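The values are calculated or read from the model by the stated rules, or taken from the named source; none is laboratory data. As the structure is a computational prediction, the values presented were derived from the model and not from experiment. All Cβ positions, glycine included, derive from the backbone under ideal geometry; neighbour counts span all protein chains shown. Accessible surface is based on the protein model in full, side chains and every heavy atom, while ligands, DNA and RNA are left aside. Shrake-Rupley method; radii C 1.70, N 1.55, O 1.52, S 1.80 Å.
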Amino acid sequence: MKPFDYIRAETPADAMRADARIIAGGTNLLDLMKLQVETPSTLVDVTRLGMTEIERAENSTRIGALVTNSDLAADPTIRQRYPMLSRALLAGASGQLRNKATTGGNLLQRTRCPYFTDISQPCNKREPGSGCRAQGGYTRLHAILGASEHCIATHPSDMAVAMRALDARVEIESNDGATRILTFDEFYNLPGDTPEKETNLAPGELIVAVHLPDPPAGRQTYRKVRDRSSYAFALVSMAAAVAVEQGRIASAAMAFGGVAHRPWRSPDAEAALVGREPSAELFDEAADILLADARGQGGNDFKIPLTRRVVKAVLTELTGA
């Protein structure tokens with residue numbers, strides 16, 4: 001690890017220094033610093049800035065950026081109103097890491113692509129223009145949707161997948177006092193030809209909270225398929241909420257992890273379900289729409305049929321079809 005300066009922020013302004021990296025739990029950043037993937041000259045510790053409350057508002061729930069994953073998963077409001085989020089959090093990492101990892105940090109964690117974390121390998125995300133060694137290499141964990149010739153990495157978060165299905169929004173504060181709120185599609189970028197630009201968080205900005213609208217109607221769940229039963233990243237994961245009224249699907253929200261550069265959602269696949277009777281044939285149709293542009297890289301070809309099976313299993317569970 002290269003030497004760095006450490007500052008403990010006493011005010012939000014301290015944390016928004018454009019020439020410093022923010023650290024809270026440090027569960028991802030410190031690992032990357034040890035590998036010299038990240039080499040910040042200054043770290044600003046924000047753990048004394050508050051932002052640890054989970055608050056109910058009239059039509060939403062506001063989650064402070066420094067709420068730990070353990071506290072968020074165990075919160076009664078989250079467990080009762082947003083059970084898919086609680087399940088997603090408990091499916092991630094280990095208990096020790098969840099005790100340190102924060103809501104804001106979870107959103108910003110970086111890919112676990114082995115070519116990104118190995119500084120001897122070319123990686124457009126780590127060093128723009130150097131190439132993507134993953135393409136034609138080891139691709140078991142890589143993207144089948146939304147990738148580009150410059151990057152096929154996946155986003156590693158479980159929490160973000162559930163939040164994407166719940167239409168969460170990210171509250172951001174800047175060093176000039178302005179506040180903006182972004183949807184997940186506005187917050188996260190697809191790789192395109194600039195995979196190093198993972199989010200639209202600008203220098204001098206700080207995530208202060210995540211807002212969840214009132215929960216969707218119907219039943220919720222989160223399902224994660226991985227190589228082992230704990231402490232492993234998703235091969236494919238799915239967060240979903242489905243309501244059935246009078247034998248027909250009234251609403252559906254589905255988000256996927258392990259398949260793309262950001263938590264993935266297909267409005268067309270969701271729309272295909274609404275107003276129709278649940279059936280295996282309908283679920284296959286929705287999977288066809290979801291996977292219409294899916295592309296494997298050899299080692300991850302299995303993710304395409306696996307995603308289809310996950311879609312059918314989760315929709316069957318939620319609808320009782």
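Might you check whether a residue that is of a type in the set (S, T, Y), buried (at least 19 other Cβ atoms within 10 Å of the Cβ) and under 28 Å from S266 (Cβ atoms) occurs anywhere in region 91-102?
Scanning region 91-102 turns up no residue that is of a type in the set (S, T, Y), buried (at least 19 other Cβ atoms within 10 Å of the Cβ) and under 28 Å from S266 (Cβ atoms).
Pick from R180, R169, R133: which is open to solvent by 20 Å² or more (accessible area, probe 1.4 Å), closer than 30 Å to T61 by Cα, modelled with pLDDT of 95 or more and out of contact with any Leu (no Cβ under 8 Å at 6 or more places or on another chain)? Spell out how you get there, then give the answer.
Numbers: R169 fails: out of contact with any Leu (no Cβ under 8 Å at 6 or more places or on another chain); R133 fails: closer than 30 Å to T61 by Cα.
Step by step, each of R180, R169, R133 is checked, and only R180 is open to solvent by 20 Å² or more (accessible area, probe 1.4 Å), closer than 30 Å to T61 by Cα, modelled with pLDDT of 95 or more and out of contact with any Leu (no Cβ under 8 Å at 6 or more places or on another chain).
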Report summary line: Going through (1) within 30 Å of D118 (Cβ to Cβ); (2) open to solvent by 50 Å² or more (accessible area, probe 1.4 Å) one by one, N69 fails only at (2)
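For A294, state whether it is under 24 Å from the mean Cα position of the chain (by Cα), in a loop (DSSP other than H, G, I, E, B) and surrounded by 14 or more Cβ atoms within 10 Å (Cβ to Cβ).
Details: under 24 Å from the mean Cα position of the chain (by Cα): yes; in a loop (DSSP other than H, G, I, E, B): yes; surrounded by 14 or more Cβ atoms within 10 Å (Cβ to Cβ): yes.
Considered against the rule, which asks whether it is under 24 Å from the mean Cα position of the chain (by Cα), in a loop (DSSP other than H, G, I, E, B) and surrounded by 14 or more Cβ atoms within 10 Å (Cβ to Cβ), A294 comes out as yes.
Considering only residues of region 10-28 that are out of contact with any Asp or Glu (no Cβ under 6 Å at 6 or more places or on another chain) and of a type in the set (A, V, I, L, M), which is surrounded by the fewest Cβ atoms within 10 Å (Cβ to Cβ)? Full working, then the answer.
Step one: filter region 10-28 for residues out of contact with any Asp or Glu (no Cβ under 6 Å at 6 or more places or on another chain), giving 10-22, 24-28.
Then drop every residue that is not of a type in the set (A, V, I, L, M), which leaves 13, 15-16, 18, 20, 22, 24.
Numbers: A13: 13, A15: 24, M16: 20, A18: 9, A20: 20, I22: 22, A24: 25.
My answer is A18.
Being out of contact with any helix residue (DSSP H, G or I) (no Cβ under 9 Å at 6 or more places or on another chain), in contact (Cβ under 8 Å) with a residue 40 or more places away in the chain and open to solvent by 40 Å² or more (accessible area, probe 1.4 Å): is that true of R81 here?
Values: out of contact with any helix residue (DSSP H, G or I) (no Cβ under 9 Å at 6 or more places or on another chain): yes; in contact (Cβ under 8 Å) with a residue 40 or more places away in the chain: yes; open to solvent by 40 Å² or more (accessible area, probe 1.4 Å): yes.
Yes; evaluated as a whole, the condition is true for this residue.
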Query raised in the report: When both residues are 6+ apart or on different chains and their Cβ atoms are under 6 Å apart, which pairs have a first residue that lies in region 236-264 and is within 12 Å of I144 (Cβ to Cβ) and part of a strand (DSSP E or B), and a second that is β-branched (V, I, T) and open to solvent by 10 Å² or more (accessible area, probe 1.4 Å)?
Result: V236/V225
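Taking the conditions exactly as written (part of a loop (DSSP other than H, G, I, E, B) and free of Cβ contacts under 8 Å to residues at least 40 places away in the same chain), does R276 satisfy them or not?
On the way: part of a loop (DSSP other than H, G, I, E, B): yes; free of Cβ contacts under 8 Å to residues at least 40 places away in the same chain: yes.
Taking the combined requirement at face value, the residue satisfies it.
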Report task. Taking the residues in region 247-291 that are over 22 Å from S157 (Cα atoms) and of a type in the set (S, T, Y) as candidates, determine which candidate is farthest from the chain's Cα centre (by Cα). Result -> S279
Report task. Could you tell me whether region 36-45 includes any residue that is crowded, with 20+ Cβ neighbours inside 10 Å and either in a loop (DSSP other than H, G, I, E, B) or free of Cβ contacts under 8 Å to residues at least 24 places away in the same chain (or both)? Result -> no
Query raised in the report: among the hydroxyl-bearing types (S, T, Y), touching a residue at least 24 places away in the same chain (Cβ under 8 Å), in a helix (DSSP H, G or I) and open to solvent by less than 20 Å² (accessible area, probe 1.4 Å): does that describe T307?
Result: yes
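In region 46-66, which residues are open to solvent by 50 Å² or more (accessible area, probe 1.4 Å) and either at pLDDT 95 or above or within 26 Å of G204 (Cβ to Cβ) (or both)?
Residues of region 46-66 open to solvent by 50 Å² or more (accessible area, probe 1.4 Å): 47-48, 52-53, 55-59, 62.
Within region 46-66, T47, R48, T52, E53, E55, R62 qualify.
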Requested in this report: Could you figure out which of (1) outside any loop (DSSP other than H, G, I, E, B); (2) surrounded by fewer than 17 Cβ atoms within 10 Å (Cβ to Cβ) isn't true of R164?
Outcome: (2)
Query raised in the report: So which residues in region 214-230 are open to solvent by 50 Å² or more (accessible area, probe 1.4 Å), among the basic types (K, R) and at pLDDT 95 or above?
Result: R219, R223, R226
Query - Pairs where the first residue, in region 196-213, is open to solvent by 30 Å² or more (accessible area, probe 1.4 Å) and the second is at pLDDT 95 or above and among the basic types (K, R), C-beta under 7 Å, 6+ apart - result: E196/K125
Query raised in the report: Which condition number in (1) within 19 Å of the chain's Cα centre (by Cα); (2) touching a residue at least 40 places away in the same chain (Cβ under 8 Å); (3) surrounded by fewer than 18 Cβ atoms within 10 Å (Cβ to Cβ) is the one that T111 fails?
Result: (3)
Query raised in the report: In this structure, does A271 turn out to be closer than 29 Å to R62 by Cα and open to solvent by 40 Å² or more (accessible area, probe 1.4 Å)?
Result: yes
